[in-house]
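Structure record follows, encoded as structure tokens.
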Amino acid sequence: MASPSAGPAELGFVEAVPSWRLRSEQFPSKVGGRPAWLSAAGLPGPPELACPLCGRPMAFLLQVYAPLPGRADAFHRCLFLFCCRTPPCCCGLRVFRNQLPRRNDFYSYEPPSEDPPSETGESVHLQLKSGAHLCRVCGCSGPKRCSRCHKAHYCSKEHQSLDWRLGHKQACAQTDNLDSTVPDHNFLFPEFEIVIETEDEIMPEAVERDDESEIIGTMGEAHEEELESMAKHESREDRIFQKFKTKISPEPEQILRYGRGVAPLWISGENIPQEKDIPDCPCGAKRLFEFQLLNYLKADRLGRSVDWGVLAIFTCAESCKLGIGYTEEFVWKQDITDAA
């Protein structure tokens, strides 16, 4: 793995926007709702989107639009993160990468319009241009269909049963407007756009000064026999956590930090991955850090425990060519308890 740099990160903040801004053709970065799939072909199927821990369908958490300058085959590039939201399993995690050249079968060669479309209705689009059908509950690949109307599609029996209980039983015969009768299943995360700003540089000496004052203050109150162990362990923990707090404090509403190849910002000295912990891409290339999601997301409205300190996403250093398919990348989870 290449040594990470310490350059500035791009910070992500959530913002409410009109629903048309979050459609696939706008190439959004966003939290929650249904995935705005980049490529309409080769979607990850239900087995890939089942929680690796409990087997239940995972929920879409966020996507980050991250094209690579100078790479014709990655002119459009997006990363999709999914998580299990079923207690007590949480939080099984999986992340997928998809990329396309500028000239492709799905989008115009020209940039998307900044003007709202003439049709801005709230109906849910559950069939892609490729003809692939999406699950009415989660918006992922829906190979199963209702045996009664043959129009409603699902990723799993679990989501078919949920949709039946919450309205499809009554709407099943109304096949002409199924997409406009999709109920709120209380499964999706609230939907927002992620807007990106460049992080202002924080002077390194300011971080070091804060670290030093906190550690000296702590040691001044300690007994002599405790100082050695504190110097070996606790001071390191203090420094890492203090660095995290100092870096976050100027923009406390940030939920995402993007910087391909930069150093991740950890919340604790515990459970930091080593090179051997980050598996190589199947193509043989190393993986490098690309972005991290902070526990400040506050995305859950259902009172269920979906919690972490830092989610760090590592992707193929070569961003290898995959045709029009989706390939799985790697997520490292550092819990808040690791900082305790």
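Remark: pairs (first residue in segment 45-64, among the charged types (D, E, K, R) and at pLDDT 90 or above; second residue part of a loop (DSSP other than H, G, I, E, B) and open to solvent by less than 10 Å² (accessible area, probe 1.4 Å); Cβ separation under 9 Å; 6+ apart in sequence or on different chains) = Arg56/Cys84; Arg56/Arg85; Arg56/Gly92. Looking at Leu49, Leu53, Leu43, Leu38, just one residue is within 16 Å of Glu328 (Cα to Cα) and open to solvent by 20 Å² or more (accessible area, probe 1.4 Å), and that residue is Leu43. For segment 115-142, what are the residues that are open to solvent by 90 Å² or more (accessible area, probe 1.4 Å) and under 25 Å from the mean Cα position of the chain (by Cα)? Passing the criteria: Glu122, His125, Gln127, Lys129.
Pick from segment 245-283 the residues that are without any contact (Cβ under 8 Å) to a residue 24 or more places away in the chain and not charged (D, E, K, R): which of them is farthest from Phe314 (Cα to Cα)? Break it down stepwise before answering.
Applying the first criterion (without any contact (Cβ under 8 Å) to a residue 24 or more places away in the chain) to segment 245-283 yields 245, 249, 274, 276, 280.
Checking the rest, the ones that are also not charged (D, E, K, R) come to 249, 274.
On the way: Ser249: 25, Gln274: 12 Å.
The extreme case among them is Ser249.
Pick out the one residue from Arg85, Arg97 that is in contact with a strand residue (DSSP E or B) (Cβ under 6 Å, 6 or more places away or on another chain), modelled with pLDDT under 95 and crowded, with 20+ Cβ neighbours inside 10 Å. Result: Arg85 is the single residue among Arg85, Arg97 that is in contact with a strand residue (DSSP E or B) (Cβ under 6 Å, 6 or more places away or on another chain), modelled with pLDDT under 95 and crowded, with 20+ Cβ neighbours inside 10 Å.
Yes/no per residue for (1) modelled with pLDDT of 95 or more; (2) in contact with a Phe, Trp or Tyr (Cβ under 6 Å, 6 or more places away or on another chain):
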residue: Arg102; (1), (2): yes, yes
residue: Tyr109; (1), (2): yes, no
residue: Ser123; (1), (2): no, no
residue: His133; (1), (2): no, no
residue: Val137; (1), (2): yes, yes
residue: Cys146; (1), (2): no, no
residue: His150; (1), (2): no, no
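Can we say His168 is within 15 Å of His185 (Cα to Cα), more than 28 Å from the chain's Cα centre (by Cα) and in contact (Cβ under 8 Å) with a residue 12 or more places away in the chain? Steps first, answer last, please.
Numbers: within 15 Å of His185 (Cα to Cα): yes; more than 28 Å from the chain's Cα centre (by Cα): yes; in contact (Cβ under 8 Å) with a residue 12 or more places away in the chain: yes.
Here the answer is yes, as His168 does meet what is asked.
Just name the residue that is surrounded by the fewest Cβ atoms within 10 Å (Cβ to Cβ) out of those in segment 287-338 that are hydrophobic (A, V, I, L, M, F, W, C), part of a loop (DSSP other than H, G, I, E, B) and at pLDDT below 90.
Here is the first cut: in segment 287-338, the ones hydrophobic (A, V, I, L, M, F, W, C) are 288-289, 291, 293-294, 297, 299, 302, 306, 308, 310-314, 316-317, 320, 322, 324, 330-332, 336.
Within this subset, residues satisfying the condition of being part of a loop (DSSP other than H, G, I, E, B) are 299, 302, 306, 308, 317, 320, 322, 324.
Next, from what is left, pick out any that are at pLDDT below 90: 299, 302, 306, 308, 322, 324.
Numbers: Ala299: 22, Leu302: 13, Val306: 19, Trp308: 21, Leu322: 19, Ile324: 16.
Looking at the filtered set, the residue picked out is Leu302.
The values are calculated or read from the model by the stated rules, or taken from the named source; none is laboratory data. Because the structure is predicted, anything quoted here is derived from the model rather than measured. Cβ: placed from backbone, ideal geometry, glycine included. Neighbour counts: every protein chain shown. For the accessible areas, the whole protein counts, side chains as well, though only heavy atoms, and no ligand, DNA or RNA atoms are used. Shrake-Rupley method; radii C 1.70, N 1.55, O 1.52, S 1.80 Å.
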